[in-house]
Amino acid sequence: MAEASAANTQLLVRDLTVRFPTTRGTVQAVNGVTFDLARGASLGIVGESGSGKSVTAKTLMNLLPRTAEVAGDVIFEGEDVRRLASEGREHFWGVKMTMVFQDPMTSLNPVKKCGEQIAETLRYHLKRDRKTALAEAEDLLAQVGIPEPGKRVDQYPHELSGGLRQRVVIAMALACEPSLLIADEPTTAVDVTVQKHLLDLLDKLREDRGMSMILITHDLGVARGRCDEIAVMYAGRLVERSAPETLFSDSRHPYTDALLRSIPRIDQPSHTRLEPIPGRPPELINPPEQCAYAPRCRFARSDCLESIPDISGVAGMHEFACFHPANTDRGREALAANLAQGCTVAGLEISGAGASS
(Lines give C-alpha, C1' and ligand atoms only; values in the text may rest on other atoms or scores of the structure.)
Protein backbone atom coordinates (compact mmCIF):
# COMPACT_ATOMS: atom_id res chain seq x y z
CA MET A 1 0.00 0.00 0.00
CA ALA A 2 1.60 3.23 -1.12
CA GLU A 3 0.53 6.56 0.26
CA ALA A 4 -1.88 8.27 -2.12
CA SER A 5 -0.54 11.36 -3.84
CA ALA A 6 -2.33 14.64 -3.17
CA ALA A 7 -3.66 14.73 -6.74
CA ASN A 8 -5.03 11.20 -6.47
CA THR A 9 -6.62 11.65 -3.03
CA GLN A 10 -10.41 11.70 -3.28
CA LEU A 11 -11.35 11.82 0.40
CA LEU A 12 -9.25 13.41 3.12
CA VAL A 13 -10.30 13.09 6.79
CA ARG A 14 -8.24 14.87 9.44
CA ASP A 15 -8.66 14.68 13.23
CA LEU A 16 -12.39 13.90 13.04
CA THR A 17 -14.12 13.93 16.43
CA VAL A 18 -17.79 13.34 17.22
CA ARG A 19 -19.38 13.95 20.63
CA PHE A 20 -22.94 13.26 21.82
CA PRO A 21 -24.10 15.16 24.94
CA THR A 22 -26.26 13.01 27.25
CA THR A 23 -27.70 13.35 30.74
CA ARG A 24 -24.90 11.09 32.03
CA GLY A 25 -22.11 13.01 30.30
CA THR A 26 -20.56 13.40 26.86
CA VAL A 27 -20.18 10.28 24.71
CA GLN A 28 -16.85 10.48 22.85
CA ALA A 29 -17.92 8.37 19.88
CA VAL A 30 -15.10 9.28 17.47
CA ASN A 31 -11.71 10.53 18.64
CA GLY A 32 -9.24 12.10 16.20
CA VAL A 33 -9.79 9.79 13.22
CA THR A 34 -7.48 10.55 10.28
CA PHE A 35 -7.24 8.77 6.92
CA ASP A 36 -7.07 9.31 3.15
CA LEU A 37 -8.85 7.46 0.35
CA ALA A 38 -7.47 7.42 -3.19
CA ARG A 39 -9.73 7.55 -6.24
CA GLY A 40 -10.98 4.10 -7.16
CA ALA A 41 -9.59 2.51 -3.98
CA SER A 42 -11.42 0.53 -1.30
CA LEU A 43 -10.93 0.98 2.45
CA GLY A 44 -12.20 -1.50 5.02
CA ILE A 45 -13.03 -0.22 8.50
CA VAL A 46 -13.30 -3.03 11.06
CA GLY A 47 -13.90 -3.31 14.78
CA GLU A 48 -16.37 -4.43 17.44
CA SER A 49 -19.84 -2.97 17.82
CA GLY A 50 -19.52 0.45 19.43
CA SER A 51 -16.03 1.12 18.08
CA GLY A 52 -17.17 4.16 16.06
CA LYS A 53 -17.27 2.66 12.56
CA SER A 54 -20.85 3.58 11.68
CA VAL A 55 -20.67 6.99 13.40
CA THR A 56 -17.65 7.83 11.24
CA ALA A 57 -19.58 6.83 8.10
CA LYS A 58 -22.70 8.74 9.12
CA THR A 59 -20.57 11.81 9.79
CA LEU A 60 -19.28 11.67 6.21
CA MET A 61 -22.88 11.32 4.99
CA ASN A 62 -24.21 14.14 7.22
CA LEU A 63 -26.65 11.74 8.91
CA LEU A 64 -25.94 12.56 12.56
CA PRO A 65 -28.58 14.08 14.87
CA ARG A 66 -28.47 17.83 15.40
CA THR A 67 -27.20 17.35 18.95
CA ALA A 68 -23.95 15.81 17.68
CA GLU A 69 -20.83 17.95 18.13
CA VAL A 70 -18.48 17.43 15.18
CA ALA A 71 -14.95 18.79 14.73
CA GLY A 72 -12.14 18.15 12.27
CA ASP A 73 -11.80 18.35 8.49
CA VAL A 74 -13.52 16.26 5.82
CA ILE A 75 -12.52 17.16 2.26
CA PHE A 76 -14.10 15.28 -0.65
CA GLU A 77 -12.84 16.02 -4.17
CA GLY A 78 -11.67 19.43 -3.00
CA GLU A 79 -14.94 20.36 -1.26
CA ASP A 80 -15.34 20.90 2.47
CA VAL A 81 -18.06 18.40 3.39
CA ARG A 82 -18.85 19.98 6.76
CA ARG A 83 -19.29 23.39 5.12
CA LEU A 84 -21.63 21.85 2.53
CA ALA A 85 -23.71 20.43 5.38
CA SER A 86 -24.04 23.83 7.03
CA GLU A 87 -25.09 25.35 3.71
CA GLY A 88 -27.76 22.70 3.15
CA ARG A 89 -26.32 21.47 -0.17
CA GLU A 90 -29.09 19.23 -1.59
CA HIS A 91 -27.47 17.42 -4.50
CA PHE A 92 -24.23 16.21 -2.94
CA TRP A 93 -25.23 13.27 -0.71
CA GLY A 94 -26.96 10.69 -2.84
CA VAL A 95 -25.20 11.98 -5.96
CA LYS A 96 -21.43 12.20 -5.36
CA MET A 97 -21.39 10.20 -2.13
CA THR A 98 -23.95 7.51 -1.23
CA MET A 99 -24.43 4.85 1.41
CA VAL A 100 -25.78 1.29 1.63
CA PHE A 101 -27.07 0.31 5.07
CA GLN A 102 -27.02 -3.13 6.66
CA ASP A 103 -30.80 -3.67 6.94
CA PRO A 104 -32.66 -3.13 3.64
CA MET A 105 -36.08 -3.18 5.35
CA THR A 106 -35.22 0.01 7.23
CA SER A 107 -33.80 1.60 4.06
CA LEU A 108 -36.85 0.90 1.88
CA ASN A 109 -40.34 2.34 2.19
CA PRO A 110 -42.64 -0.69 2.74
CA VAL A 111 -45.66 0.95 1.06
CA LYS A 112 -43.87 2.07 -2.12
CA LYS A 113 -43.01 -0.12 -5.10
CA CYS A 114 -39.29 -0.79 -5.56
CA GLY A 115 -39.17 0.89 -8.97
CA GLU A 116 -40.84 4.03 -7.63
CA GLN A 117 -38.28 4.31 -4.84
CA ILE A 118 -35.36 4.17 -7.27
CA ALA A 119 -37.12 6.52 -9.68
CA GLU A 120 -37.72 9.02 -6.87
CA THR A 121 -33.96 9.42 -6.45
CA LEU A 122 -33.50 10.07 -10.18
CA ARG A 123 -36.39 12.54 -10.31
CA TYR A 124 -35.22 14.50 -7.29
CA HIS A 125 -31.49 14.71 -7.99
CA LEU A 126 -31.30 14.45 -11.79
CA LYS A 127 -34.71 15.98 -12.66
CA ARG A 128 -35.82 13.00 -14.76
CA ASP A 129 -39.49 12.77 -15.76
CA ARG A 130 -41.46 9.86 -14.30
CA LYS A 131 -41.43 7.66 -17.40
CA THR A 132 -37.68 8.06 -17.97
CA ALA A 133 -36.92 7.52 -14.28
CA LEU A 134 -38.90 4.26 -14.17
CA ALA A 135 -37.13 2.99 -17.30
CA GLU A 136 -33.75 3.81 -15.73
CA ALA A 137 -34.86 2.11 -12.49
CA GLU A 138 -35.57 -1.10 -14.41
CA ASP A 139 -32.14 -0.88 -16.05
CA LEU A 140 -30.48 -0.37 -12.63
CA LEU A 141 -32.23 -3.45 -11.26
CA ALA A 142 -30.84 -5.42 -14.19
CA GLN A 143 -27.34 -4.02 -13.54
CA VAL A 144 -27.38 -5.25 -9.93
CA GLY A 145 -28.34 -8.76 -11.06
CA ILE A 146 -32.03 -8.88 -10.14
CA PRO A 147 -33.87 -11.43 -12.32
CA GLU A 148 -36.97 -10.23 -14.20
CA PRO A 149 -36.33 -6.54 -13.47
CA GLY A 150 -39.47 -5.50 -15.34
CA LYS A 151 -41.52 -7.50 -12.85
CA ARG A 152 -39.58 -6.36 -9.76
CA VAL A 153 -40.14 -2.68 -10.58
CA ASP A 154 -43.81 -3.14 -9.67
CA GLN A 155 -43.24 -5.21 -6.53
CA TYR A 156 -43.14 -4.04 -2.91
CA PRO A 157 -40.12 -4.73 -0.65
CA HIS A 158 -41.94 -7.42 1.36
CA GLU A 159 -42.42 -9.43 -1.85
CA LEU A 160 -38.65 -9.83 -2.28
CA SER A 161 -36.08 -11.93 -0.43
CA GLY A 162 -33.49 -10.31 1.82
CA GLY A 163 -30.79 -10.63 -0.85
CA LEU A 164 -32.98 -9.05 -3.55
CA ARG A 165 -34.00 -6.22 -1.21
CA GLN A 166 -30.35 -5.45 -0.58
CA ARG A 167 -29.76 -5.36 -4.34
CA VAL A 168 -32.59 -2.83 -4.65
CA VAL A 169 -30.88 -0.68 -2.00
CA ILE A 170 -27.60 -0.94 -3.94
CA ALA A 171 -29.43 0.08 -7.14
CA MET A 172 -30.83 3.14 -5.34
CA ALA A 173 -27.36 4.07 -4.08
CA LEU A 174 -25.87 3.78 -7.59
CA ALA A 175 -28.70 5.58 -9.40
CA CYS A 176 -26.89 8.92 -9.69
CA GLU A 177 -23.50 7.32 -10.48
CA PRO A 178 -21.64 8.34 -7.29
CA SER A 179 -17.87 8.44 -7.11
CA LEU A 180 -17.82 7.13 -3.51
CA LEU A 181 -19.97 4.35 -2.06
CA ILE A 182 -20.05 3.75 1.70
CA ALA A 183 -21.28 0.24 2.54
CA ASP A 184 -22.17 -0.13 6.22
CA GLU A 185 -22.21 -3.88 6.95
CA PRO A 186 -24.19 -4.49 3.73
CA THR A 187 -24.31 -8.28 4.14
CA THR A 188 -25.15 -8.67 7.83
CA ALA A 189 -28.81 -9.58 7.24
CA VAL A 190 -28.20 -12.26 4.57
CA ASP A 191 -26.77 -15.77 4.55
CA VAL A 192 -23.21 -16.63 3.55
CA THR A 193 -23.98 -17.57 -0.06
CA VAL A 194 -25.92 -14.36 -0.69
CA GLN A 195 -23.18 -12.45 1.13
CA LYS A 196 -20.59 -13.58 -1.41
CA HIS A 197 -22.85 -12.68 -4.34
CA LEU A 198 -23.46 -9.19 -2.96
CA LEU A 199 -19.77 -8.56 -2.27
CA ASP A 200 -18.86 -9.82 -5.76
CA LEU A 201 -21.50 -7.46 -7.14
CA LEU A 202 -20.07 -4.47 -5.25
CA ASP A 203 -16.57 -5.32 -6.48
CA LYS A 204 -17.73 -5.55 -10.09
CA LEU A 205 -19.76 -2.33 -9.93
CA ARG A 206 -16.84 -0.51 -8.32
CA GLU A 207 -14.49 -1.67 -11.07
CA ASP A 208 -16.93 -0.97 -13.91
CA ARG A 209 -17.83 2.51 -12.65
CA GLY A 210 -14.43 3.52 -11.27
CA MET A 211 -15.92 4.16 -7.82
CA SER A 212 -14.15 4.31 -4.51
CA MET A 213 -15.63 2.36 -1.60
CA ILE A 214 -15.53 2.37 2.17
CA LEU A 215 -16.61 -1.04 3.49
CA ILE A 216 -17.58 -1.10 7.14
CA THR A 217 -17.63 -4.59 8.62
CA HIS A 218 -16.94 -6.61 11.75
CA ASP A 219 -15.58 -9.45 9.60
CA LEU A 220 -11.82 -9.23 9.04
CA GLY A 221 -12.02 -11.99 6.43
CA VAL A 222 -14.44 -9.97 4.30
CA ALA A 223 -12.21 -6.89 4.52
CA ARG A 224 -9.12 -8.90 3.64
CA GLY A 225 -10.52 -10.17 0.36
CA ARG A 226 -12.27 -6.98 -0.75
CA CYS A 227 -10.20 -3.98 0.33
CA ASP A 228 -6.94 -2.32 -0.71
CA GLU A 229 -6.28 -1.38 2.92
CA ILE A 230 -7.82 -2.01 6.32
CA ALA A 231 -8.27 0.41 9.22
CA VAL A 232 -8.98 -1.10 12.65
CA MET A 233 -11.04 0.99 15.08
CA TYR A 234 -11.34 0.65 18.83
CA ALA A 235 -13.18 2.96 21.25
CA GLY A 236 -13.58 5.65 18.61
CA ARG A 237 -9.94 5.68 17.49
CA LEU A 238 -8.04 4.23 14.56
CA VAL A 239 -5.52 1.90 16.19
CA GLU A 240 -3.97 0.28 13.10
CA ARG A 241 -4.01 0.78 9.34
CA SER A 242 -2.21 -1.13 6.61
CA ALA A 243 -2.56 -3.30 3.52
CA PRO A 244 -4.55 -6.50 4.26
CA GLU A 245 -1.63 -8.91 3.89
CA THR A 246 0.54 -6.84 6.21
CA LEU A 247 -2.23 -6.69 8.80
CA PHE A 248 -2.77 -10.45 8.74
CA SER A 249 0.89 -11.48 8.66
CA ASP A 250 2.52 -8.77 10.79
CA SER A 251 -0.09 -7.01 12.92
CA ARG A 252 1.16 -4.50 15.48
CA HIS A 253 -1.72 -3.39 17.69
CA PRO A 254 -2.62 -5.92 20.41
CA TYR A 255 -6.33 -5.44 19.60
CA THR A 256 -5.75 -6.45 15.98
CA ASP A 257 -3.65 -9.36 17.20
CA ALA A 258 -6.48 -10.45 19.52
CA LEU A 259 -9.07 -10.17 16.73
CA LEU A 260 -6.95 -12.39 14.50
CA ARG A 261 -6.54 -14.93 17.30
CA SER A 262 -10.31 -15.15 17.74
CA ILE A 263 -10.90 -16.18 14.10
CA PRO A 264 -11.25 -19.92 13.34
CA ARG A 265 -8.41 -21.18 11.12
CA ILE A 266 -8.78 -23.89 8.52
CA ASP A 267 -5.44 -25.46 9.53
CA GLN A 268 -6.52 -25.90 13.17
CA PRO A 269 -7.71 -29.31 14.41
CA SER A 270 -11.45 -29.83 14.82
CA HIS A 271 -12.91 -28.50 18.10
CA THR A 272 -9.93 -26.21 18.73
CA ARG A 273 -10.94 -23.69 21.39
CA LEU A 274 -10.90 -20.12 20.12
CA GLU A 275 -9.27 -17.32 22.11
CA PRO A 276 -11.93 -14.76 23.06
CA ILE A 277 -10.90 -11.21 23.91
CA PRO A 278 -11.32 -10.82 27.69
CA GLY A 279 -13.40 -8.03 29.20
CA ARG A 280 -15.67 -5.69 27.34
CA PRO A 281 -15.35 -2.49 25.26
CA PRO A 282 -14.77 0.62 27.40
CA GLU A 283 -17.29 3.21 28.50
CA LEU A 284 -17.10 6.18 26.10
CA ILE A 285 -18.55 8.72 28.54
CA ASN A 286 -15.65 10.70 30.00
CA PRO A 287 -13.04 7.93 29.52
CA PRO A 288 -9.72 8.16 31.40
CA GLU A 289 -6.58 9.51 29.71
CA GLN A 290 -5.04 6.14 29.01
CA CYS A 291 -4.92 3.56 26.23
CA ALA A 292 -8.54 2.44 25.88
CA TYR A 293 -7.51 -1.16 25.21
CA ALA A 294 -5.18 -1.43 28.24
CA PRO A 295 -7.70 -3.16 30.58
CA ARG A 296 -8.08 -6.02 28.03
CA CYS A 297 -4.50 -6.10 26.74
CA ARG A 298 -1.94 -8.83 27.50
CA PHE A 299 0.89 -6.40 26.63
CA ALA A 300 -0.21 -3.52 28.89
CA ARG A 301 2.49 -1.88 31.04
CA SER A 302 2.47 1.14 33.33
CA ASP A 303 2.91 3.69 30.51
CA CYS A 304 -0.31 2.40 28.90
CA LEU A 305 -2.26 3.66 31.92
CA GLU A 306 -0.59 7.08 31.91
CA SER A 307 -1.30 8.44 28.40
CA ILE A 308 -2.91 7.69 25.05
CA PRO A 309 -0.49 6.44 22.36
CA ASP A 310 -0.28 8.40 19.11
CA ILE A 311 -0.36 6.82 15.68
CA SER A 312 3.17 5.94 14.56
CA GLY A 313 4.86 3.84 11.90
CA VAL A 314 5.30 4.57 8.20
CA ALA A 315 2.58 6.92 6.91
CA GLY A 316 0.65 5.34 4.06
CA MET A 317 2.27 1.95 4.66
CA HIS A 318 1.71 0.61 8.18
CA GLU A 319 0.52 2.81 11.05
CA PHE A 320 -0.44 1.80 14.58
CA ALA A 321 -1.03 3.34 18.02
CA CYS A 322 0.69 1.28 20.71
CA PHE A 323 3.54 1.62 23.21
CA HIS A 324 4.29 -2.14 23.17
CA PRO A 325 3.37 -3.40 19.67
CA ALA A 326 2.68 -7.08 19.09
CA ASN A 327 5.18 -9.03 16.97
CA THR A 328 8.05 -6.73 18.04
CA ASP A 329 10.86 -7.11 20.59
CA ARG A 330 9.30 -4.41 22.77
CA GLY A 331 5.96 -6.22 22.70
CA ARG A 332 7.52 -9.58 23.47
CA GLU A 333 9.40 -8.08 26.45
CA ALA A 334 6.16 -6.57 27.82
CA LEU A 335 4.29 -9.85 27.40
CA ALA A 336 7.10 -11.85 29.05
CA ALA A 337 7.12 -9.48 32.02
CA ASN A 338 3.35 -9.77 32.42
CA LEU A 339 3.47 -13.56 32.14
CA ALA A 340 6.10 -13.68 34.86
CA GLN A 341 3.76 -11.68 37.12
CA GLY A 342 0.68 -13.62 36.07
CA CYS A 343 -1.23 -10.44 35.35
CA THR A 344 -0.92 -7.03 33.69
CA VAL A 345 -0.71 -3.65 35.39
CA ALA A 346 -4.44 -3.25 34.67
CA GLY A 347 -5.19 -6.42 36.65
CA LEU A 348 -5.87 -8.75 33.70
CA GLU A 349 -4.87 -12.29 34.61
CA ILE A 350 -2.88 -14.05 31.87
CA SER A 351 -1.12 -17.38 31.49
CA GLY A 352 1.35 -18.92 29.07
CA ALA A 353 -1.42 -20.44 26.91
CA GLY A 354 -1.44 -18.83 23.46
CA ALA A 355 1.19 -16.29 24.41
CA SER A 356 3.40 -16.57 21.34
CA SER A 357 3.27 -12.98 20.04
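Could you look at segment 1-105 and say what percent of its accessible area is carbon and sulfur, using a 1.4 Å probe and all protein chains?
On the way: 2320 of 4770 Å².
Exposed carbon and sulfur together represent 49 percent of the surface.
For the chain, what value does the Rg/Rh ratio take when both radii are computed over Cα atoms and Rh is the Kirkwood radius, given to two decimals?
Values: Rg = 21.9 Å, Rh = 21.9 Å.
We get a ratio of 1.00 for the chain.
Can you work out ³J(HN,Hα) from phi for every residue in segment 168-181, in order, using Karplus 6.51 cos²θ - 1.76 cosθ + 1.60 and θ = phi - 60°, giving whole Hz and x for Gly and Pro?
For segment 168-181, the Karplus curve yields 4, 4, 5, 4, 4, 5, 8, 4, 9, 6, x, 9, 9, 10 Hz.
Roll a 1.4 angstrom probe over the protein heavy atoms and tell me the percent of accessible area of segment 267-357 that is carbon or sulfur. If you can, show how the numbers build up before the last one.
Working: 2750 of 5250 Å².
Of all accessible area on segment 267-357, carbon and sulfur atoms account for 52 percent.
P(r) for segment 250-322, please, calculated from all Cα pair distances in 10 Å bins and given in %.
Going out from 0 Å in 10 Å bins, segment 250-322 shows 17, 40, 30, 11, 1 percent.
What do you get for Rg/Rh of segment 67-170 when both radii come from the Cα atoms and Rh is the Kirkwood radius? Don't skip to the end; give the middle numbers.
Details: Rg = 15.9 Å, Rh = 15.2 Å.
Rounded to two decimals, Rg over Rh is 1.05.
In angstroms, what radius of gyration and Dmax does segment 220-357 have, counting Cα atoms only?
In order Rg, Dmax, the Cα atoms of segment 220-357 give 14.8, 44 Å.
Give me the extension gain from Thr272 to Asp73: residue separation times 0.36 nm, minus the current Cα-Cα distance, reported in nm with one decimal.
Once the chain is fully extended between Thr272 and Asp73, it gains 67.1 nm.
Roughly how many debye, to the nearest 20, is the charge dipole of segment 120-260 about its Cα centre, given +1 on each Lys and Arg Cβ, -1 on each Asp and Glu Cβ, and no other charges? Intermediate values should be presented prior to the final figure.
Values: 18 positive and 23 negative charges, 79 e Å.
Charge dipole of segment 120-260: 380 debye, to the nearest 20.
Keeping every protein chain present and rolling a 1.4 Å probe, give me the accessible area per residue for the chain in Å². Let's see the in-between values first.
Values: 16860 Å² over 357 residues.
With the other protein chains kept in place, the chain gives 47 Å² per residue.
Taking 0.36 nm per residue of sequence separation and subtracting the Cα-Cα distance, how much length would be gained by fully extending the chain between Arg265 and Thr188, in nm to one decimal? Please list the in-between numbers first.
Details: separation 77, 0.36 × 77 = 27.72 nm, distance 2.12 nm.
That works out to 25.6 nm of additional length.
On a C-alpha basis, how far is the centre of segment 25-52 from the centre of segment 281-307 in Å? Whole number, if you could?
Using only Cα atoms to place each centre, the spacing works out to 19 Å.
The values are calculated or read from the model by the stated rules, or taken from the named source; none is laboratory data. Just so it is clear, the model here is predicted, and its values are computed rather than measured. Positions of Cβ are generated from backbone atoms using ideal geometry, with glycine treated the same way; all protein chains shown enter the neighbour counts. Just so you know, the surface numbers come from the protein's heavy atoms only, side chains and all, with ligands and any DNA or RNA stripped out. Shrake-Rupley method; radii C 1.70, N 1.55, O 1.52, S 1.80 Å.
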